[in-house]
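Notes for the one structure printed next.
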Amino acid sequence: MADDAGGYADYTFVAEFYDDTPPYAARKDIDFHVEAARESGGPVLEIGCGTGRVLIPTAAAGVEITGLDLSDHMLAICRKRLEQETADVRDRVTLVKGDMRRFDLGREFALVTTPFRPFQHLETVDDQMSCLQTIRRHLKPGGRLILDLFNPSLKFLTDDGASNESGDEPEFTLPDGRRIVRKQRVAKRNYFTQVQECELIYYVTHPDGRKERLVHAFPMRYLFRFEAEHLLERCGFEVESLYANYDKAAFGSKDPGELVFLARKV
Ligand SMILES: C[S@@+](CC[C@H](N)C(=O)[O-])C[C@H]1O[C@@H](n2cnc3c(N)ncnc32)[C@H](O)[C@@H]1O
């Protein structure tokens, strides 16, 4: 099983940059997930909880939440962030190292969430089904899943220029003074497996002027709307809603928008 040594969850050096990276820090999905968690009454299971970007606000809103992630580095940052929280918030959180494709927590949840697309790290239908079936086993009768995906834009998928480094994200500074500018590119595309080899390239300038180029390379599999719908139904879910963004705009009202499913265990 791949973990921080490479593969699916190779967030090794990214973990310490993650919370300061502008598009992650500004991502507008937290209220959506916190509201869903509150409405469910809990407990909630977050798949691929990372540094706790969504998990900590959920616990702070009074909901019991378990976070599962394969990356020791991401979980370590999450634990460090939790140390700054009150004992009440900390008591509502359980963190588990595990693989979303197969885990057994020995309990059921009212809601399972997958904020910011961890499911798209899975490259095969077997892995996707194994993950969804495992999630289903962890849901109470009638419990819900939020499957958070991006909606693939045909324009982007066929853009030859995507293999060049690009991006206009602002520079950001880490607490230790390192300055970072991030670029991105798609190194390889496979239209048959729907897997893109993505690269996020971090140009780091250290306080002493030394420069470094660090590459976070990972596969992402895109899913189309009806494919995801069929997959969910095959794995024992009924799709209740499909949103194009975290304000719950209807799918199709934004181009390309997101692909956010609310599905119920049947
Ligand atoms: C883009 S981050 C999202 C983190 C967090 N949910 C958020 O919204 O900020 C994806 C997370 O999925 C985790 N991940 C990737 N593959 C995984 C797997 N097979 N099992 C569990 N977690 C995995 C990574 O370690 C990473 O923390």
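Do the sum for the chain: with -39,500 (n - 2.57) for every DSSP H run of n ≥ 4, divided by all residues, what is the mean residue ellipticity at 222 nm, to the nearest 500 deg cm²/dmol? Computed mean residue ellipticity for the chain: -7000 deg cm²/dmol. Projecting label points 7 angstrom from Cα along Cα→Cβ for residue 224 and residue 116 puts them 2.9 nm apart.
Per-residue packing, averaged as other Cβ atoms within 10 Å, sorts the ranges 164-173, 236-245 into the order 236-245, 164-173, beginning with the highest.
Over segment 85-160, the Kirkwood radius and the radius of gyration, each from Cα atoms, give a ratio Rg/Rh of 1.07. For residue 154 and residue 72, a Förster radius of 25 Å and the Cβ-Cβ distance give a FRET efficiency of 0.10, rounded to the nearest 0.05. Put simply, the Cα atoms of segment 154-221 extend 46, 19, 17 Å along their principal axes, the longest span coming first.
Remark: segment 154-221 carries 61 Å² of accessible area per residue (probe radius 1.4 Å; ligands, DNA and RNA excluded). The calculated FRET efficiency for the pair residue 137 and residue 210, based on their C-beta separation and a Förster distance of 41 Å, comes to about 0.25. Beta bridges per DSSP, both residues in the chain: antiparallel share near 70 percent. Considering the zone a paramagnetic label at residue 31 would reach in this model (a point 7 Å from Cα along the Cα-to-Cβ line), which residues of segment 127-146 have amide N under 11 Å from it? Counting only backbone N, you get no residues.
Within the straight-line cut-off of under 22 Å between alpha carbons, the lysines reachable from residue 28 are 183, 248, 254, sequence neighbours fewer than 8 places apart in one chain being disregarded. Expressed as a whole percent, the accessible surface of segment 154-221 that belongs to carbon and sulfur atoms is 52, based on a 1.4 Å probe. Pairwise Cα distances in the chain exceed 31 Å for 24 percent of all pairs.
Based on the Kirkwood radius over alpha-carbon pairs, what is the Stokes-Einstein translational diffusion coefficient of segment 44-107 at 4 °C with 1.567 mPa s viscosity, in µm²/s? For these conditions, the coefficient is 112 µm²/s. For the listed peptides 146-159, 200-213, a ranking on the average number of other beta carbons within 10 Å per residue, highest first, reads 146-159, 200-213.
Would you please give the FRET efficiency between residue 87 and residue 247, computed as 1/(1 + (r/R0)^6) with r the Cβ-Cβ distance and R0 = 22 Å, to the nearest 0.05? Once rounded, the FRET efficiency stands at 0.05. Taking 0.36 nm per residue of sequence separation and removing the Cα-Cα distance, the residue 184/residue 172 pair yields an extension gain of 2.8 nm.
The values are calculated or read from the model by the stated rules, or taken from the named source; none is laboratory data. None of these values were measured; they are calculated from a predicted model. When we count neighbours, we look across all protein chains shown, and the Cβ atoms used for this are built from the backbone with ideal geometry, even at glycine. All accessible areas refer to the heavy atoms of the entire protein, side chains included, with ligands and DNA or RNA removed. Shrake-Rupley method; radii C 1.70, N 1.55, O 1.52, S 1.80 Å.
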